[in-house]
1. Of the conditions (1) in contact (Cβ under 8 Å) with a residue 24 or more places away in the chain; (2) under 16 Å from the mean Cα position of the chain (by Cα); (3) open to solvent by 70 Å² or more (accessible area, probe 1.4 Å); (4) closer than 20 Å to A13 by Cβ, E77 fails just one. Which one is it?
2. If a residue must be surrounded by 12 or more Cβ atoms within 10 Å (Cβ to Cβ) and either modelled with pLDDT of 90 or more or farther than 17 Å from A94 by Cα (or both), how many such residues does segment 7-20 contain?
3. Scan segment 86-98 residue by residue and report those that are assigned to a loop (DSSP other than H, G, I, E, B) and either of a type in the set (A, V, I, L, M, F, W, C) or open to solvent by less than 60 Å² (accessible area, probe 1.4 Å) (or both).
4. K83 is checked against (1) over 16 Å from L8 (Cβ atoms); (2) in contact with a Leu (Cβ under 9 Å, 6 or more places away or on another chain); (3) open to solvent by less than 30 Å² (accessible area, probe 1.4 Å) and fails just one. What number does that condition carry?
Amino acid sequence: MAQNGRQLEGLVAFVERCAPTQGFEVRTNERVFNEDGIQIAEFDIDVRGKVGSTEIAWLIECRDRPADGPAPSSWIEQLVGRKEHRFAFNKVTAVSTTGFCRGCKNNLPRHP
């Protein structure tokens with residue numbers, strides 16, 4: 001796979017586009033700008049749609065960095081922040097070609 005992760009992002013986006021759910025839009029490499037026109041984020045795969053009266057916003061982030069080893073817990077913390085605070089996604093999924101470090105499991109949000 002390419003070092004920049006674009007092939008991995010393309011594969012995951014393809015799989016999501018093939019899902020049988022109608023009315024959902026799958027966008028890749030979605031750039032987000034603040035009110036001053038400065039880029040503040042880029043989402044690898046942004047899936048949006050509606051189930052009944054509920055709006056769904058699902059972020060899928062991909063990591064393909066074999067030389068760096070398993071994905072660090074700091075990356076998971078960043079994704080949790082995007083979900084719960086900054087961008088209000090309903091769901092965030094992390095995809096890594098090299099797995100995840102042990103500490104990543106400790107950073108997952110706890111649900112009752």
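1. Answer for E77: the failing condition is (4).
2. Residues in segment 7-20 being surrounded by 12 or more Cβ atoms within 10 Å (Cβ to Cβ) and either modelled with pLDDT of 90 or more or farther than 17 Å from A94 by Cα (or both): 1 in total.
3. Residues of segment 86-98 assigned to a loop (DSSP other than H, G, I, E, B): 87-90, 97-98.
Once the filter is applied, which keeps residues that are assigned to a loop (DSSP other than H, G, I, E, B) and either of a type in the set (A, V, I, L, M, F, W, C) or open to solvent by less than 60 Å² (accessible area, probe 1.4 Å) (or both), segment 86-98 yields F87, A88, F89, T98.
4. Just one mismatch for K83, condition (3).
For (1) modelled with pLDDT of 85 or more; (2) of a type in the set (K, R), each residue gets a yes or a no:
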site: D44; (1), (2): yes, no
site: R48; (1), (2): yes, yes
site: G52; (1), (2): no, no
site: E55; (1), (2): yes, no
site: R63; (1), (2): yes, yes
site: S96; (1), (2): yes, no
site: C104; (1), (2): no, no
site: P109; (1), (2): no, no
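Residue-by-condition table, conditions (1) under 19 Å from E9 (Cβ atoms); (2) surrounded by 17 or more Cβ atoms within 10 Å (Cβ to Cβ); (3) β-branched (V, I, T); (4) in contact (Cβ under 8 Å) with a residue 60 or more places away in the chain:
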{"site": "N34", "(1), (2), (3), (4)": "no, no, no, no"}
{"site": "I38", "(1), (2), (3), (4)": "no, no, yes, no"}
{"site": "D44", "(1), (2), (3), (4)": "yes, yes, no, no"}
{"site": "K50", "(1), (2), (3), (4)": "no, no, no, no"}
{"site": "C62", "(1), (2), (3), (4)": "yes, yes, no, no"}
{"site": "F100", "(1), (2), (3), (4)": "yes, yes, no, no"}
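The values are calculated or read from the model by the stated rules, or taken from the named source; none is laboratory data. Everything numeric in this text was worked out from a predicted model, so none of it was measured. Backbone-built Cβ (ideal geometry, glycine too); neighbour counts: all protein chains shown. Each accessible area value is taken on the protein alone, full model and side chains, heavy atoms only, with ligands, DNA and RNA left out. Shrake-Rupley method; radii C 1.70, N 1.55, O 1.52, S 1.80 Å.
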